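Here the structure comes first, spelled out in structure tokens, and everything after it is commentary.
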Amino acid sequence: MNERHVAHERDAASDGDNRFENDERHYDFAAIQDKWLPVWDELKPFRSGDPADKRPRKYVLDMFPYPSGDLHMGHAEAYALGDVIARYWRQQGFNVLHPIGWDSFGLPAENAAIKRGIDPREWTYDNIEQQRTSMRRYAASFDWDRVLHTSDPEYYKWNQWLFLKMYEKGLAYRKDSWVNWDPVDQTVLANEQVLPDGTSERSGALVVKKKLTQWYLKITDYADRLLDDLNQLEGSWPSKVLSMQRNWIGRSIGADVDFEVEGRAEKVTVFTTRPDTLHGATFMVVAPDSELAAELVSGAAPDVRTSFQEYLEFVQKSSEIDRMTADRPKTGVFLNRYAINPVNGERLPIWAADYVLADYGHGAVMAVPAHDQRDLDFALAFDLPIRVVVDTNAPVTGAIPVITAEQLESGELPDDIEPLDPKTTGVALAGEGRMINSGSLDGLSKRTAIQRIIERLESEGTGRAAKTYRIRDWLISRQRYWGTPIPIIHGQDGSLIPVPEDQLPVVLPPTEGLDLQPKGQSPLGAAEDWVNVANPLDGTPARRDPDTMDTFVDSSWYFLRFLDPNDDTKAFDPAEAEKWAPVDQYVGGVTHAILHLLYARFITKVLFDLGYVSFTEPFSALLNQGMVLMDGSAMSKSKGNLVRLSEQLDEHGVDAIRLTMAFAGPPEDDIDWADVSPAASAKFLARAWRIAQDVTSSPDIDWKTGDLSLRRTTHRFLAEIPGLVEAFKFNVVVAKIMELVNVTRKAIDSGPGAADAAVRESAEAIAMALNLFAPYTAEDMWSQLGYPPPVALAQWRKPSPNLLVDDSITAVVQVDGKVRDRLEVSPKISGDELEALARASASVIRSVGDREIVNVIVRAPRIVNIATRSAG
RNA sequence: GCCUCUGUAGCUCAGUGGAAGAGCAAUUCCGUCCUAAGGAAAUGGCCGGGGGUUCGAAUCCCUCCAGGGGCACCA
């Protein structure tokens, strides 16, 4: 607060006789910002597009923002952290591509436009302008020659191109299906955009199901590759994201088994991961909302049809949320039909129950209540038979016996021993064991039995090995205005005609005369001049597809467009992609763990298959930063805990805020703004800055004349910082800089003094390290130290190996594990020498006293431990 | 319920078999015309609990407790 006032007064009276003006020791962040920002604008140190540039390349990418209002604290954190990495690689001699753009299509713009009666373009581009200004002031080291906005026709033209390429390949298709409908935003959503509680990721509304014909991208064709290629990312992506993606794709391996159904010509196929338990199947369950269920009851007696109808209505009334809650009692209805178990000819009653999902597997399961908890719950609820076919108490070869001989002998059985009767315990037997009651499978282990039964089913033609997935195709149609028009024309006969490539882009019509109010159908359908076109094939009247694309299409390939965002002849240049891509380091929030990252991985593989890129994963490494909270919860205006970035920047300065973001903790942890102190950051920066002010030597001074102890500290610092940055331990790096600043301050005030070469050497290291976090302060220090800008391109110094080893080391002498003496010894001392010194130590002799020495452990040069026992 | 990560100074975190650390905050002192800045010093710890391995454990093993995250009727 005070600092802010001081800074402003100073601005106002900058040509007066302000006493701060004469006090060069005063750190004035506002003046420093004002001084260096224009210099950087002039020098453009972060341009990356010079073809003559011989430096090796790195591509460091921050997830691009959505332009909703000005930048907020979350942006400030993300861009501060991404910038540390970009600046680090430049110091290490790399030509770093660090671009920025805007993900500027989407509903917030449209909704804001409706509310204020303006064009979404106006709202969007005004916000972009504001964010751009804020980012420049924030000194993020972006290459400003490569900016893109996805809402520019020059960008979304290539979305349309990509769509058409996928359409040609059969990867974009239309189908009629049950879809997720957001009743607030009045549009359909992809499965990925529905949260686990059944609400919309964007609007928060409870999503309902609607039957509609929509456009899909065939991501399921890539399910195996999307899953298997995650292994390549192990170690360079957060394991949390990898596991979320694995769960989302949800591959299950098992078998399809065909069951005859009495009175039905076609067999019913079920998917199971436990074909080994086929002999334990005692009933079959079909999803009540499946076509199969409807067909199975169609010829049934009226009372069966009635009870099924009632049940179906009950299921459809119960909300998604109800359906999602685990542990709800099992419900269902008998269909009065029977299936025949292909392995033993048994008649299995067929039930409909909502614990079986219509859109997973085949919408039908074989129920093995003894070995599946859900089936068991159902069997117990409806008094259906239960047959154990795996003896889980029988040890399998190589497995640990459940009961040891001693336990049998003493009668002390462990209480966690698995009992054998699921019917009385209510617990299904899911574990390993030996097959029983299973004919030829008896005695086999689970693994062998699965193999054996699949072979048998295949030879008999009643089943086969199978895989199934949780992931569904990506629904990309949206019934809203502010997005990429789908480049398809519908002929009068219902045919689909791709817009010829030379007619791209299909530009959005102006909003004049259009009602953007969401009403369940795309507003574009009402733009008569736009939607009515001549069929490109024969000139007959035709209509454009009125829907727009999911904005996640836009962001699934934008990292390639950055390679030349102004190229109007192609989406991107494969040669440039070869040079820069894939992205070496991607930085963004974990909220995109599935959505954006999965889609971008998918599209990259598509582009690989189409021959446009030579890699199959877009982002070689990923850093997820945490969120910025206030008082333990996410900031929001309605909660009244909103911290305004602009106010923080005015009060503490850009550098202090960036430093605070980096210092608050490990990058992936959340930051609670109530726990951190930007004022302390500012104080530290002032302290660091004064170091440079105090240095009185000149840049050409001979390092070798410097104080040895401080030089050692500085070179250890130079040696350890790169590893810490590459491990993303930015908070530790900041702490190390603080240590070096403290040591250097001491050297100036009560050591070798400000003129010593080691003080200059240390000050330069501090300036270079601060460039990662506090670029304005670093630049000003650099200038004070006698160098021209930009400090951002100064190369990190290599430490001298001979300054990294100490010439003496403190060896600890312990007696029975307690420290009794410390000896200054050479790092090269031998074990025998060290032991002799330890035994000679007066305090050791005193501690040992008359006790007998039984063992001496020597680890030269660090420690000697003398173990004793009482002599008598 | 399953999987996973984390428990070290008041706070945020280093330390992964060999002396318990850093920064920040708090405290005291010095200093300044005032305020803010600045300098110095000292304080602060059953390393979540218990058990084990070891000459030696914050570190390895077992177990319990607490917190975070992910998944959860997916056959």
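The values are calculated or read from the model by the stated rules, or taken from the named source; none is laboratory data. Please read all numbers here as calculations on a predicted model, not as lab measurements. Neighbour counts run over all protein chains shown; Cβ positions are idealised from the backbone, glycine included.
For this structure, a couple of remarks:
- Residue match in the range A:689-698 (condition: touching a helix residue (DSSP H, G or I) at 6+ places or on another chain (Cβ under 8 Å), polar (S, T, N, Q) and within 15 Å of RNA strand B (Cβ to nearest atom)): yes
Table: residues versus (1) over 28 Å from A:Q33 (Cβ atoms); (2) touching a residue at least 24 places away in the same chain (Cβ under 8 Å); (3) surrounded by 15 or more Cβ atoms within 10 Å (Cβ to Cβ).
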{"position": "A:D694", "(1), (2), (3)": "no, yes, yes"}
{"position": "A:D707", "(1), (2), (3)": "yes, yes, yes"}
{"position": "A:E720", "(1), (2), (3)": "yes, no, yes"}
{"position": "A:K746", "(1), (2), (3)": "yes, no, no"}
{"position": "A:A755", "(1), (2), (3)": "yes, yes, no"}
{"position": "A:L770", "(1), (2), (3)": "no, yes, yes"}
{"position": "A:D780", "(1), (2), (3)": "no, yes, yes"}
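- Condition check for A:H75 on (1) modelled with pLDDT under 95; (2) part of a loop (DSSP other than H, G, I, E, B): one failure, at (2).
- Whichever residue in the range A:848-872 is polar (S, T, N, Q) and touching a residue at least 24 places away in the same chain (Cβ under 8 Å) and, among such residues, is surrounded by the most Cβ atoms within 10 Å (Cβ to Cβ): A:N865
- Qualifying residue in the range A:294-310 (condition: within 11 Å of RNA strand B (Cβ to nearest atom) and farther than 21 Å from A:P385 by Cα): no
- Pick from the range A:156-202, criterion touching a residue at least 24 places away in the same chain (Cβ under 8 Å) and hydroxyl-bearing (S, T, Y), ranking: surrounded by the fewest Cβ atoms within 10 Å (Cβ to Cβ): A:Y173
- Matching residues in the range A:633-671 - criterion: being within 22 Å of A:Y776 (Cβ to Cβ), among the polar types (S, T, N, Q) and either free of Cβ contacts under 8 Å to residues at least 60 places away in the same chain or in contact with an Asp or Glu (Cβ under 8 Å, 6 or more places away or on another chain) (or both): A:S646, A:T660
- Check on A:D152, acidic (D, E), surrounded by fewer than 20 Cβ atoms within 10 Å (Cβ to Cβ), modelled with pLDDT of 95 or more and under 26 Å from the mean Cα position of the chain (by Cα): no
- Candidate set from the range A:433-465 (those that are assigned to a loop (DSSP other than H, G, I, E, B) and buried (at least 16 other Cβ atoms within 10 Å of the Cβ)); member that is modelled with the highest pLDDT: A:T462
- Members of the range A:722-744 found to be in contact (Cβ under 8 Å) with a residue 60 or more places away in the chain and within 12 Å of RNA strand B (Cβ to nearest atom), listed by number: A:F728, A:K729, A:F730, A:N731, A:V733, A:V734, A:A735
- Any strands (runs of 3 or more DSSP E) falling wholly within the range A:323-392 and containing at least 1 residues that are more than 29 Å from A:G250 (Cα to Cα): A:333-340, A:347-352
- Residue count for the range A:758-789, restricted to those that are assigned to a helix (DSSP H, G or I) and either of a type outside the set (A, V, I, L, M, F, W, C) or more than 37 Å from the chain's Cα centre (by Cα) (or both): 14.
- Of the listed requirements (1) out of contact with any Leu (no Cβ under 7 Å at 6 or more places or on another chain); (2) crowded, with 20+ Cβ neighbours inside 10 Å; (3) not hydrophobic (A, V, I, L, M, F, W, C), A:P288 misses just one: (1).
- Scanning the range A:152-204 for residues that are basic (K, R) and over 26 Å from A:A571 (Cβ atoms) returns A:K175, A:R202.
- A count restricted to the range A:359-377 and to residues that are within 8 Å of RNA strand B (Cβ to nearest atom), within 18 Å of A:T424 (Cβ to Cβ) and over 36 Å from the mean Cα position of the chain (by Cα) stands at 2.
- For the range A:570-589, the set of residues classified as touching a helix residue (DSSP H, G or I) at 6+ places or on another chain (Cβ under 7 Å) and not in a strand (DSSP E or B) consists of A:A571, A:F572, A:A577, A:A581, listed by residue number.
- Test set (1) surrounded by 19 or more Cβ atoms within 10 Å (Cβ to Cβ); (2) under 16 Å from A:P65 (Cα atoms); (3) touching a Gly at 6+ places or on another chain (Cβ under 9 Å) - A:V590 fails condition number: (1)
- Contact annotation: residue pairs with Cβ atoms under 8 Å, 6 or more positions apart or on different chains, pairing a residue in the range A:203-216 that is under 30 Å from A:I497 (Cβ atoms) with a partner that is of a type in the set (F, W, Y), are A:K210/A:W178; A:K210/A:W181; A:K211/A:W178; A:L212/A:W181; A:W215/A:Y173; A:Y216/A:Y173; A:Y216/A:W474.
- Residues located in the range A:799-809, provided they are of a type in the set (S, T, N, Q) and at pLDDT below 80: A:S808
- The listed residues are A:P67, A:P99, and the only one of them that is within 30 Å of A:S633 (Cβ to Cβ) and surrounded by 23 or more Cβ atoms within 10 Å (Cβ to Cβ) turns out to be A:P67.
- Scanning the range A:672-686 for residues that are more than 8 Å from RNA strand B (Cβ to nearest atom) and in contact (Cβ under 8 Å) with a residue 60 or more places away in the chain, we see that the one that is surrounded by the fewest Cβ atoms within 10 Å (Cβ to Cβ) is A:W673.
- Where A:W123 falls short, out of the listed (1) crowded, with 17+ Cβ neighbours inside 10 Å; (2) without any contact (Cβ under 8 Å) to a residue 24 or more places away in the chain; (3) within 16 Å of RNA strand B (Cβ to nearest atom): (3)
Rundown of residues vs (1) closer than 11 Å to A:I471 by Cα; (2) surrounded by 16 or more Cβ atoms within 10 Å (Cβ to Cβ); (3) without any contact (Cβ under 8 Å) to a residue 40 or more places away in the chain; (4) within 16 Å of RNA strand B (Cβ to nearest atom), yes/no style:
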residue: A:Y222; (1), (2), (3), (4): yes, yes, no, no
residue: A:L227; (1), (2), (3), (4): yes, yes, yes, yes
residue: A:W237; (1), (2), (3), (4): no, yes, no, yes
residue: A:Q245; (1), (2), (3), (4): yes, yes, no, yes
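- The single condition from (1) surrounded by fewer than 16 Cβ atoms within 10 Å (Cβ to Cβ); (2) more than 30 Å from A:D197 (Cα to Cα); (3) of a type in the set (K, R) that A:R337 fails is (1).
- Out of A:V268, A:V261, sole residue that is within 13 Å of RNA strand B (Cβ to nearest atom), at pLDDT 90 or above and within 22 Å of A:E291 (Cβ to Cβ): A:V268
- Residues in the range A:247-257 that are touching a Leu at 6+ places or on another chain (Cβ under 8 Å) and more than 9 Å from RNA strand B (Cβ to nearest atom): A:I249, A:V257.
- Qualifying residue in the range A:272-281 (condition: over 30 Å from A:A621 (Cβ atoms), of a type outside the set (V, I, T), more than 16 Å from RNA strand B (Cβ to nearest atom) and not in a strand (DSSP E or B)): no
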